[in-house]
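This report refers to the structure that appears directly beneath it.
Any read-out appearing in this document is the output of simple, stated calculations on the displayed coordinates, not a laboratory observation. Quantities reported herein were computed from a predicted structural model and do not represent experimental measurements. Glycine also receives a Cβ, built like all others from the backbone with ideal geometry; neighbour counts cover every protein chain displayed.
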Amino acid sequence: MIPRRALLALPLLGCEELRTPANPPAAVLTGAATAGPPLRAAVEATAAAFANGGAGLAGRPAEAALALARFEALTLEVAEARAWPGLSPTLAIAMRVARDENRAAVGGAQQADGARMVAAFATVAARLRANDRAGALAALAPPLFDPGGEVTLDRLAGIGPLPAAEQASAALAREVRRLDLDRGWAGAGNWWQAGTPGAITDGLGAGF
């Protein structure tokens, strides 16, 4: 099991497992063009991905898989509340409900470990971007994905509106912006900060 604190810096895994080490993969929670703290950027990117009924994900299975990987990772982070001690407790429930909806939409196992789902979705995104359909299908095999690779890959390509994910990710983004204004981030000097312990660093309130 991957430790939770490693999830938010988790690369797109699967190269070792699939023995197809392509180019150095992008991070799950940030993109190549992302600037600023990765956790903050991940929240904004996830809210944007699921906005407007997830219209931007239609016909883009790699982007859909990456968005689902981010959502899974953020669900774990919200549950642990290390970065946001002042976060509304109802958000953890909303994220978990939405995560279950996401899994149901693509055939993900409801009881699967969150870290394994992050890694699986991330692998799919990386393999599809590398034009490695076989590698993506291998990452979507049971028991993590009940229908099997072809069915789940088709669902990723035609992923429909996920209202719970849209609402939960938008609410999380609003809460993070509020905490930016209230200086409500945890000042423990963790990896998402560049300053000394106890400092609220510049950039946490910047846009994505």
Task: When the range 28-182 is reduced to its Cα atoms, the Kirkwood hydrodynamic radius in Å - done: 15.4 Å
TODO: Beta carbons within 10 angstrom, averaged per residue: use that to sort the peptides 140-149, 94-103, highest first.
DONE: 94-103, 140-149
- [ ] Compute the relative contact order of the range 28-182 as a whole-number percentage, counting only Cα pairs closer than 8 Å that sit 6 or more residues apart in sequence.
- [x] 34 percent
- [ ] Determine, for each peptide in 107-117, 40-50, the mean count of other beta carbons within 10 angstrom over its residues, then list the peptides with the highest first.
- [x] 40-50, 107-117
